[in-house]
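Let me begin by presenting the structure, written as structure tokens, before commenting on it.
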Amino acid sequence: MLNRVRSAVAHLVSSGGAPPPRPKSPDLPNATSAPPAAAPEAPRSPPAKAGSGSATPAKAVETRASFSRPTFLQLSPGGLRRADDHAGRAVQSPPDTGRRLPWSTGYAEVINAGKSRHNEDQACCEVVYVEGRRSVTGAPRELSRGQGLCFYYWGLFDGHAGGGAAEMASRLLHRHIREQLKDLVEILQDPSPPPLCLPTTPGTPDSSDPSHLLGPQSCWSSQKEVTHESLVVGAIENAFQLMDEQMARERRGHQVEGGCCALVVVYLLGKVYVANAGDSRAIIVRNGEIIPMSREFTPETERQRLQLLGFLKPELLGSEFTHLEFPRRVLPKELGQRMLYRDQNMTGWAYKKIELEDLRFPLVCGEGKKARVMATIGVTRGLGDHNLKVCSSTLPIKPFLSCFPEVRVYDLTQYEHCPDDVLVLGTDGLWDVTTDYEVAATVDRVLSAYEPNDHSRYTALAQALVLGARGTPRDRGWRLPNNKLGSGDDISVFVIPLGGPGSYS
């Protein structure tokens, strides 16, 4: 097993960290469609069909037909085939005709240069109505009707090892958020502090007196302050967990393959909530200033969390891995020598005597985009990946992957925003070759060429960002103006305006 892991890592390093070919992406089953009470949602862009003279095997034709793109792109079968063309890599955006996305949001995407068979990114943009589940005062639900809330929702989902998880999340995650917010409809509209407990649901038997379970009261002298904002954050976090649990339940029957990073934005009651689980990124560009709204979760940024879990539960590492990190692979001839290392408690380095267990493969290895968990995956948070195992092993990797996002909050009411202030969301295909400062420069250059009330300016900006990261075909590849390699990954970008007439309607 140790030799197999060594071979896998040697191949990983020699190939520049490129993952192996990914499985084909199936359609989501009808069972995941919206319930009758859900907000209307149009079907996905129709699947592309093989030509009548094609000699492609039936199974391959069926798999290709499963390829779909976001609804709001309104792609025809011909447009879907162009979107799936690795050679041309045409940039896709919503059409100029028809209804605009909420807030005149701009969107653009492009398929990878051959990394996977289809574009495994997915996107969603919705306006979601939330009807309260119960009255805080215990009044019947009928008395609360008509007092619901609406939230605006944007989501980018970067799939890996197949597109099934990304597609499922793009269809369902906002519904999980809606369900979590149902208990909070009246609470969020009431300026008083949130109640400690919700009323007991009628028909629920009363529990016995738990007073004998209470400890000393000295540490309970006051109640912790809980804000309305933290309730929304908790609702989003719970929704991510429930989405991940649903994928675990349905991964066999519905063939939800692979996993996905998830970057979600919720606008509710004047505040923007940005939830990130993975290596996508969100930044606000406001009056030329860059405000980070997320951070990437990779084996490097979460090394200590991963090592701590490996230390506490060594059975997850089997006999192949060690939770310790060394500057390079330990060689058998170095047994007994003192070598630099660090564990779950350390940010710096120290020396330790090399023992036999240190010859095992490190839980976290590599640097930058080549960093991997258990020599397999380069992200540490996301949805799905319930079937992911170490190469040529039965060791599951899911215990080390968290589905919980980091949620950052931006209060729109605290600033005067102009039409050039935007929130930019992008999958890692954008950020692999583009810095925050380059994005801010593109924001200034593109938006200054349009009138402030021109709603197409944000789509033009999204297209410019995607084109800038993709590059142009040259020298058997895609090159940037500086002749460096462009992004060969799927690239998806939302540009959300934060100010200007009609932005919030």
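The values are calculated or read from the model by the stated rules, or taken from the named source; none is laboratory data. Quantities reported herein were computed from a predicted structural model and do not represent experimental measurements. Cβ placement follows ideal geometry from the backbone for every residue including glycine, while neighbour counts extend to all protein chains displayed. Side chains are part of the model used for accessible areas, which takes the heavy atoms of the whole protein and leaves out ligands, DNA and RNA. Shrake-Rupley method; radii C 1.70, N 1.55, O 1.52, S 1.80 Å.
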Selected residue (only one of 274, 330, 379, 364 is among the β-branched types (Val, Ile, Thr) and over 29 Å from the mean Cα position of the chain (by Cα)): 330
Qualifying residue in segment 347-370 (condition: among the polar types (S, T, N, Q) and not assigned by the TED database to the domain that holds residue 115): yes
Residue 378 vs. criteria in contact with a strand residue (DSSP E or B) (Cβ under 7 Å, 6 or more places away or on another chain) and either of a type outside the set (Val, Ile, Thr) or assigned by the TED database to the domain that holds residue 256 (or both): yes
Only listed residue being in contact with a Phe, Trp or Tyr (Cβ under 9 Å, 6 or more places away or on another chain) and open to solvent by 30 Å² or more (accessible area, probe 1.4 Å), chosen from 89, 117: 117
Residue in segment 377-413 that is farthest from residue 284 (Cα to Cα), counting only those that are polar (S, T, N, Q) and open to solvent by less than 40 Å² (accessible area, probe 1.4 Å): 393
